[in-house]
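First the structure, in the form of C-alpha cells, and then the observations on it.
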Amino acid sequence: MTGRGVEWPSSWRSVPLWSLFDRVKDIGHPNEQMLSVYRDHGVVQKEGRGDNFNKTAANRNIYQLVDSGWLAVNRMKAWQGSLGISKYRGIVSGHYICFRPQHGEDSRFLDYLLRSPVYTAELRRLSRGVRPNQIEIDNDGLRVLKVRLPSLNEQRTIAEFLDTETARIDALIAKRRRMANVLAERWATVGANSTGLGFAVSATPRVQLRRIARLQAGAAFPHSMQGDSAGTIPYVKVGDLVAVDADGYINRVANRVSPKVAAGLHSPVLPAGTIVLPKIGAALLTNRRAILSEPSCLDQNVMGVTVEVGSPRYVYYCLNSVDLGALTSPGPVPLLNEDVARSVRIPWPDFDEQVRIATELDAIRRRELRAREAMRLQWTLLVERRQALITAAVTGELEVPGVAA
C-alpha cells in the first residue's frame with residue numbers, strides 16, 4: 001500500500017496509476033519549447049533558467065512531446081522527487097517516462113500528491129539498481145503505483161489551499177534567499193575595496209607582490225597516486241580550493257604524501273599561512289583563493305604566495321581585491337601569467353595599520369557569515385514546513401476546510 005504508516009481517510013479511493021495515464025513516447029517535434037523536470041519545482045520551462053546546465057542536443061527530434069496535464073518522470077531520479085504534472089506543452093528528455101492523462105481528476109492535486117515525500121518514498125521502494133544512489137524506476141513499476149484520491153471537489157479544495165499556502169511560503173523563502181544574496185554581495189563589495197578600509201588608498205604607497213612575498217608553483221601530482229591519503233603532508237590541487245572555512249583556510253584535501261614522496265616529486269613543502277592561487281581553468285576565472293592551514297605541497301596548477309614582509313592576513317585581503325582573470329595569458333585555456341602576478345601592486349601602509357585593517361575585515365566577514373547562516377537556516381525550515389504541509393494535506397492528515405476527514 002502506498003504511503004506505509006499513513007492512515008488514509010476511509011472515503012478516499014485507491015486506483016493504480018495505469019488507470020489514470022497512458023504511457024506515450026511521441027518524438028519528432030523539434031520546434032516545441034524545451035521543458036525539464038526539477039526535483040524542487042516539477043515540470044518547468046527550460047528557457048531563461050540560470051540553474052540548468054544540461055545542454056540541449058543538436059538533434060531535437062529525439063525529445064518527447066508532453067502537453068498540459070501530462071505526467072513526466074525522470075526514471076533515474078524519481079525517487080528524489082524528479083517528476084511532475086506539466087502545465088505546459090513542450091518537449092522533454094527522451095530518457096523520461098511520459099504519460100498522457102485519461103482521467104477527470106484535478107491535475108494540480110495529482111502534482112502535489114505524486115511529488116509529496118510519501119510518494120517519493122514509494123518510488124524509491126519501487127526503483128531498482130546495483131547501488132543505493134544509482135537506481136531507476138521502469139514503466140512496470142510506475143503502472144502499479146497506487147494513487148489515493150478524495151472526491152474531485154475535495155481534490156480541487158486541497159489544491160487551491162496548497163496553491164495559496166505554498167505561494168506564501170515560497171515568497172518567504174525567496175525573501176530569505178534575497179537577503180542572503182544581499183549579504184554576500186555586501187561582503188564582495190567590501191572585499192573588492194578591502195585595501196581602502198580605514199586609510200586613503202591614494203595616499204598610501206604601493207608595493208609589488210614580488211617584493212614582499214615568495215611566489216612559487218608546485219609540481220605535477222601523478223594520476224596514479226590520486227586519492228592516496230596515507231601520508232602526513234597535504235598535496236593541494238585546484239579542486240581543494242573549494243573546501244575552505246569561514247576564514248579562507250583549506251580544511252580538506254584529497255591527497256596526502258610522505259616527506260619522502262614529496263621530495264621525490266620535487267614539490268617543496270610550503271608553510272602554513274601561505275596563500276594559494278589557482279593557475280588554470282574555471283577556478284582562476286571565478287577568483288578562487290585559499291590559505292594553507294598546515295604545511296603542504298602544491299600541485300603544478302596552483303601557486304603559493306608565502307608572505308615574508310608584512311601581515312599575511314592583510315596580503316590575503318589585498319589579493320581578494322585582485323581579479324585573477326585579468327592576470328591570464330592569451331589563449332584558449334585561462335592560464336595565470338606568473339610574471340604579471342608577481343608584478344601586482346598592493347597598497348602598503350605600516351604594519352600596525354595592516355593588522356588593524358585585517359582584524360576589522362575579519363570581524364565584518366564573521367558578522368556577514370552569521371547573518372547569512374541565519375537566513376539559510378530560516379529558508380531551510382520553511383522548505384521543510386512546505387513539504388510537511390503538502391504531505392499532511394494530500395494524505396488527509398490536515399483538516400482542510402471542505403474536505404471530509
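Which residues, counting only those in the stretch 99-114, are surrounded by 20 or more Cβ atoms within 10 Å (Cβ to Cβ) and either among the aliphatic types (A, V, I, L, M) or in contact with a Lys or Arg (Cβ under 9 Å, 6 or more places away or on another chain) (or both)?
F99, D106, F109, L110, D111, L113, L114
Examine the stretch 245-254 for a residue that is on the phi > 0 side of the Ramachandran plot and in contact (Cβ under 8 Å) with a residue 60 or more places away in the chain, and state whether such a residue exists.
Start the filter on the stretch 245-254 by keeping residues that are on the phi > 0 side of the Ramachandran plot, which leaves 248.
Applying the additional criterion that residues be in contact (Cβ under 8 Å) with a residue 60 or more places away in the chain yields 248.
Yes, the stretch 245-254 contains a residue that is on the phi > 0 side of the Ramachandran plot and in contact (Cβ under 8 Å) with a residue 60 or more places away in the chain.
Let's see how each residue does on (1) touching a residue at least 12 places away in the same chain (Cβ under 8 Å); (2) under 24 Å from the mean Cα position of the chain (by Cα); (3) more than 29 Å from D228 (Cβ to Cβ):
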site: S258; (1), (2), (3): yes, no, no
site: P295; (1), (2), (3): yes, no, no
site: G310; (1), (2), (3): yes, no, yes
site: G325; (1), (2), (3): yes, yes, yes
site: S329; (1), (2), (3): no, no, yes
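Go through the stretch 131-151 residue by residue and tally those that are open to solvent by 60 Å² or more (accessible area, probe 1.4 Å) and either more than 26 Å from the chain's Cα centre (by Cα) or among the acidic types (D, E) (or both). Before you say what the answer is, go through the steps one by one.
Residues of the stretch 131-151 open to solvent by 60 Å² or more (accessible area, probe 1.4 Å): 131-134, 136, 138, 140, 143-144, 146.
Checking the rest, the ones that are also either more than 26 Å from the chain's Cα centre (by Cα) or among the acidic types (D, E) (or both) come to 136, 138, 140, 143-144, 146.
Matching residues across the stretch 131-151 total 6.
Inspect the stretch 69-81 for any residue being among the β-branched types (V, I, T), more than 25 Å from R385 (Cβ to Cβ) and surrounded by fewer than 18 Cβ atoms within 10 Å (Cβ to Cβ) and give the result as yes or no.
no
Counting only residues that are assigned to a loop (DSSP other than H, G, I, E, B) and of a type in the set (F, W, Y), which one in the stretch 1-41 is surrounded by the fewest Cβ atoms within 10 Å (Cβ to Cβ)? Reasoning before the result, please.
Just the residues of the stretch 1-41 that are assigned to a loop (DSSP other than H, G, I, E, B), to begin with: 1-12, 20, 24-26, 28-33, 39-41.
Retained after the next criterion (residues that are of a type in the set (F, W, Y)): 8, 12.
Numbers: W8: 18, W12: 16.
Once the filter is applied, the top-ranked residue is W12.
Scan the stretch 386-393 and give yes if some residue there is open to solvent by 40 Å² or more (accessible area, probe 1.4 Å), over 30 Å from E294 (Cβ atoms) and hydroxyl-bearing (S, T, Y), otherwise no. Spell out how you get there, then give the answer.
Taking the stretch 386-393 first, the residues open to solvent by 40 Å² or more (accessible area, probe 1.4 Å) are 386-388.
From what is left, the residues that are over 30 Å from E294 (Cβ atoms) are 386-388.
When the remaining residues are screened for being hydroxyl-bearing (S, T, Y), the result is none.
Checking the stretch 386-393: not a single residue is open to solvent by 40 Å² or more (accessible area, probe 1.4 Å), over 30 Å from E294 (Cβ atoms) and hydroxyl-bearing (S, T, Y).
What helices (runs of 4 or more DSSP H) completely inside the stretch 263-382 contain at least 3 residues that are open to solvent by less than 30 Å² (accessible area, probe 1.4 Å)? Before the answer, list the steps.
Details: elements: 282-285, 312-320, 338-342.
Because the criterion is at least 3 residues that are open to solvent by less than 30 Å² (accessible area, probe 1.4 Å), the helices (runs of 4 or more DSSP H) in the stretch 263-382 that meet it are 312-320.
Return the pairs, sorted by first residue and then second, in which the second residue is of a type in the set (D, E), the first residue lies in the stretch 263-286 and is more than 25 Å from G331 (Cβ to Cβ), the beta carbons are less than 6 Å apart, and the residues are 6+ apart or on different chains.
Close Cβ pairs (under 6 Å, with a partner that is of a type in the set (D, E)) amount to A272/E294.
Sort out which residues of the stretch 360-399 are in contact (Cβ under 8 Å) with a residue 60 or more places away in the chain, over 30 Å from G5 (Cβ atoms) and not small (G, A, S), and write them in order of number.
Those that are in contact (Cβ under 8 Å) with a residue 60 or more places away in the chain, over 30 Å from G5 (Cβ atoms) and not small (G, A, S): E360, L361, D362, I364, R365, R366, E368, L369, R372, M375, R376.
Answer yes or no as to whether H95 is modelled with pLDDT of 95 or more, over 22 Å from the mean Cα position of the chain (by Cα) and part of a loop (DSSP other than H, G, I, E, B). Quick ask: steps written out before the conclusion?
Working: modelled with pLDDT of 95 or more: no; over 22 Å from the mean Cα position of the chain (by Cα): yes; part of a loop (DSSP other than H, G, I, E, B): yes.
Against the criterion (modelled with pLDDT of 95 or more, over 22 Å from the mean Cα position of the chain (by Cα) and part of a loop (DSSP other than H, G, I, E, B)), H95 does not qualify.
Any residue at all in the stretch 42-60 that's open to solvent by 70 Å² or more (accessible area, probe 1.4 Å) and among the aromatic types (F, W, Y)?
Yes, some residue in the stretch 42-60 is open to solvent by 70 Å² or more (accessible area, probe 1.4 Å) and among the aromatic types (F, W, Y).
Restricting attention to the stretch 145-164, does a residue exist that is among the hydroxyl-bearing types (S, T, Y), assigned to a helix (DSSP H, G or I), more than 20 Å from R23 (Cβ to Cβ) and touching a residue at least 40 places away in the same chain (Cβ under 8 Å)? Let's see the steps before the verdict.
At the first step, the residues of the stretch 145-164 found to be among the hydroxyl-bearing types (S, T, Y) are 151, 157, 164.
Now narrow it down to the ones that are assigned to a helix (DSSP H, G or I): 157, 164.
Filter once more, keeping what is more than 20 Å from R23 (Cβ to Cβ): 157, 164.
From what's left, touching a residue at least 40 places away in the same chain (Cβ under 8 Å): 157.
For the stretch 145-164, residues among the hydroxyl-bearing types (S, T, Y), assigned to a helix (DSSP H, G or I), more than 20 Å from R23 (Cβ to Cβ) and touching a residue at least 40 places away in the same chain (Cβ under 8 Å): present.
Could you look through the stretch 209-245, keep only residues that are modelled with pLDDT under 90 and among the polar types (S, T, N, Q), and pick out the one that is farthest from R370 (Cα to Cα)?
Ranking the candidates gives S224 first.
What pairs can you find where one residue is in the stretch 77-88 and within 12 Å of L114 (Cβ to Cβ) and assigned to a strand (DSSP E or B), the other is of a type outside the set (D, E, K, R) and open to solvent by 70 Å² or more (accessible area, probe 1.4 Å), and their Cβ atoms are less than 9 Å apart, with a gap of 6+ or different chains?
Close Cβ pairs satisfying both conditions: G84/H41; I85/S68.
The values are calculated or read from the model by the stated rules, or taken from the named source; none is laboratory data. Since the model is a prediction, treat every value here as computed from it, not as a measurement. Neighbour counts are summed over all protein chains in view; Cβ atoms, including those assigned to glycine, are modelled from backbone coordinates with ideal geometry. The area values use the complete protein model at the heavy-atom level, side chains included, leaving out ligands, DNA and RNA. Shrake-Rupley method; radii C 1.70, N 1.55, O 1.52, S 1.80 Å.
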